[in-house]
């Protein structure tokens, strides 16, 4: 019930391409869905987050698409750059985010020059 | 931008020894968390702390673990008797809004 499933495990995208990472959750009580970016040797850093009352949120090249009925959400990185190469984690939380984060297993993204 | 800091960056210890991992959260934050990440795996929640008490804890956070906010700035995680399987990266996080800020982590190696 508390799981967040993330795919793919790894992804290689050419520079300028679109990177798409998908997540699915089971607990319908989750009401806050952030994406975190982690570079080697660093802690996760919040990239973008969405609440279930909207279907899409865009910040620069990063977009979250949210499908409440399917219990799925995805991260799209437009015009992917080599500097985007990192591990991306989706997460979910209760209480509008004032609760613990349940993370997906992560996606290692490599953007080739 | 303010940062969460953690010390030490790497801790090596013998099985059965006690370790204390230290964190300095962002100064005006009220919510504090510890997570861990075993190499190559996902980030897992350990414990959250608010208003000087534990607000949530996972099944990982057993009697061997404890947290403390000994003064107005530090937040510590103590593992009383370390096991081999405690080897992981431990992240501290703090927040005042839903956005949790993570520290750079402490790599704990138990031999």
Would you pick out the residues in segment B:96-111 that are in contact with a helix residue (DSSP H, G or I) (Cβ under 9 Å, 6 or more places away or on another chain) and either within 8 Å of chain A (Cβ to nearest Cβ) or part of a loop (DSSP other than H, G, I, E, B) (or both)? B:97, B:98, B:99, B:100, B:111
Being modelled with pLDDT under 95, on the phi > 0 side of the Ramachandran plot and out of contact with any strand residue (DSSP E or B) (no Cβ under 7 Å at 6 or more places or on another chain) narrows it down to one residue among A:41, A:16; which is it? A:41
Of the numbered conditions (1) without any contact (Cβ under 8 Å) to a residue 12 or more places away in the chain; (2) closer than 30 Å to residue A:109 by Cα; (3) part of a strand (DSSP E or B), residue B:40 fails exactly one; give the number of that condition. (3)
Residues of segment B:43-59 being in a loop (DSSP other than H, G, I, E, B) and either crowded, with 17+ Cβ neighbours inside 10 Å or within 9 Å of chain A (Cβ to nearest Cβ) (or both), which ones? B:58
Quick test for you: out of A:60, A:97, A:83, pick the one residue that is over 12 Å from the mean Cα position of the chain (by Cα) and either within 11 Å of chain B (Cβ to nearest Cβ) or surrounded by 14 or more Cβ atoms within 10 Å (Cβ to Cβ) (or both). A:97
Strands (runs of 3 or more DSSP E) within segment A:28-113 that include 2 or more residues in contact (Cβ under 8 Å) with a residue 12 or more places away in the chain and within 22 Å of residue B:88 (Cβ to Cβ): A:33-38, A:86-92, A:107-112
Take the residues in segment B:2-42 that are at pLDDT below 95 and either in contact with a helix residue (DSSP H, G or I) (Cβ under 9 Å, 6 or more places away or on another chain) or on the phi > 0 side of the Ramachandran plot (or both), then tell me which one is surrounded by the most Cβ atoms within 10 Å (Cβ to Cβ). B:38
Condition set over 14 Å from the mean Cα position of the chain (by Cα) and crowded, with 19+ Cβ neighbours inside 10 Å, scope segment A:14-54, selection farthest from residue B:105 (Cα to Cα): answer is A:30
Qualifying residue in segment B:64-85 (condition: in a loop (DSSP other than H, G, I, E, B), surrounded by 19 or more Cβ atoms within 10 Å (Cβ to Cβ) and in contact with a helix residue (DSSP H, G or I) (Cβ under 6 Å, 6 or more places away or on another chain)): no
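The values are calculated or read from the model by the stated rules, or taken from the named source; none is laboratory data. Because the structure is a prediction, the values reported are computed rather than measured. So basically every Cβ, Gly included, is an ideal-geometry build from the backbone, and we count neighbours across all protein chains shown.
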